[in-house]
Amino acid sequence: MNDIRPLTKVVLGIVATIVALWLVAPMFIVFPISFSADASFQFPPRGWSTRWYESFFNNPQWMRALGNSAIIALLAALLATTVGTIAALAINRSKSRIASAAQTLMLTPMIVPPIIAGAGIYTFFLNSGLVGTLFGFVMVHVTLAIPLVVIAVNASLSGYDRSLELAAASLGAGRLKTFFTVTVPLIAPGVAAGAVFAFVTSFDEVIVSQFMVSPSLQTLPMMMYTSVTRTTDPTIAAAAALILGAIIFAFLFFQFVVTPLARRSKKNAAA
């Protein structure tokens, strides 16, 4: 009775394909536009050229912004993954109301509109002298990324078997050894997913970053936003294609490299 009829499968497949194309097509249009020979946004391009990529890589401002985005995203992903994983473990192992309230509080950056969060963060960071600094940028992006890490790690912990820790302890393993040889491998898929989401969130963040930007420190998305409000230079399309390419690479790396390694580590820990 639960079998889906062949016609229903075909209809569902067609609907899913249409929805996927509707969501993905606007993003992938930037790739052909970035290779356009025209000095304006036009699709389909009337000619092909790499001039806009040359313009991007030969412009010190664009390259500096790309480097800033990469550094900030890597630092933010590292810190958010560490803090988010520890927080998820603490919440999962505590059944008190305080832990439940703490989890809800950690998810507020996903609920509060970014423009409101940005205004509040700007006021706090301005008084602290952190606006326009690398440390300030990283802290803001860590705040935005932690909820994603907590959710991803909590998903791994939902099927976590605590008896494996007890078994390791009964065999003489200390808490630290148990954590790194049993706990970490078992939650590795969630940690890896959280790290990827944190990196991507930081790398393409633009709304809250508007409150942190300074003439001496620009991220790539902010540089694109500033440029698109002043001109229609297709160099923006080249920058967008690079960001999209980085995001696609991150997810493919996670899917085909990190996930298999995490599953193998999880299997070895459970053996």
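The values are calculated or read from the model by the stated rules, or taken from the named source; none is laboratory data. Since the structure is predicted, the reported quantities are computational estimates derived from the model, not experimental observations. Heads up, the Cβs are rebuilt from the backbone with ideal geometry, glycines too, and the neighbour counts pull from every protein chain shown.
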Discussion item. Looking only at region 145-159, count every residue that is of a type in the set (Gly, Ala, Ser) and not in a loop (DSSP other than H, G, I, E, B) and tell me the total.
Written reply: 4
Practice prompt. Could you look through region 104-118, keep only residues that are touching a helix residue (DSSP H, G or I) at 6+ places or on another chain (Cβ under 7 Å) and in a helix (DSSP H, G or I), and pick out the one that is nearest to Leu217 (Cα to Cα)?
Written response: Gly118
Practice prompt. Say whether the condition of being closer than 30 Å to Phe125 by Cα, at pLDDT below 85, surrounded by fewer than 22 Cβ atoms within 10 Å (Cβ to Cβ) and not hydroxyl-bearing (Ser, Thr, Tyr) is met by at least one residue in region 225-241.
Written response: yes
Discussion item. So for region 63-85 (the condition being out of contact with any Ser or Thr (no Cβ under 6 Å at 6 or more places or on another chain) and outside any helix (DSSP H, G or I)), does at least one residue qualify?
Written reply: no
Worksheet item: Which residues, taken from region 132-144, are assigned to a loop (DSSP other than H, G, I, E, B) and modelled with pLDDT of 80 or more?
Response: Thr133
Practice prompt. Give the residue that is farthest from Asp38 (Cα to Cα), with candidates limited to residues of region 227-256 that are β-branched (Val, Ile, Thr) and assigned to a loop (DSSP other than H, G, I, E, B).
Written response: Thr229
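What residue, of Ile86, Ile72, Ile91, is among the β-branched types (Val, Ile, Thr) and surrounded by fewer than 16 Cβ atoms within 10 Å (Cβ to Cβ)? Even if it seems obvious, please write down each step before you answer.
On the way: Ile72 fails: surrounded by fewer than 16 Cβ atoms within 10 Å (Cβ to Cβ); Ile91 fails: surrounded by fewer than 16 Cβ atoms within 10 Å (Cβ to Cβ).
That would be Ile86, the only listed residue that is among the β-branched types (Val, Ile, Thr) and surrounded by fewer than 16 Cβ atoms within 10 Å (Cβ to Cβ).
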Worksheet item: Do you know which residues across region 201-212 are without any contact (Cβ under 8 Å) to a residue 60 or more places away in the chain and closer than 16 Å to Ile248 by Cα?
Response: Asp204
Discussion item. Taking the condition of being closer than 30 Å to Ser214 by Cα and in contact (Cβ under 8 Å) with a residue 24 or more places away in the chain, how many residues in region 79-107 meet it?
Written reply: 7
Worksheet item: Looking at region 145-162, is at least one residue β-branched (Val, Ile, Thr), in contact with a helix residue (DSSP H, G or I) (Cβ under 6 Å, 6 or more places away or on another chain) and modelled with pLDDT under 80?
Response: no
Worksheet item: Can you tell which of Ala25, Ala37 is under 19 Å from Leu242 (Cα atoms), small (Gly, Ala, Ser), at pLDDT below 75 and touching a strand residue (DSSP E or B) at 6+ places or on another chain (Cβ under 7 Å)?
Response: Ala37
Worksheet item: Just checking, which of Leu12, Leu79 is out of contact with any strand residue (DSSP E or B) (no Cβ under 7 Å at 6 or more places or on another chain) and farther than 27 Å from Val196 by Cβ?
Response: Leu12
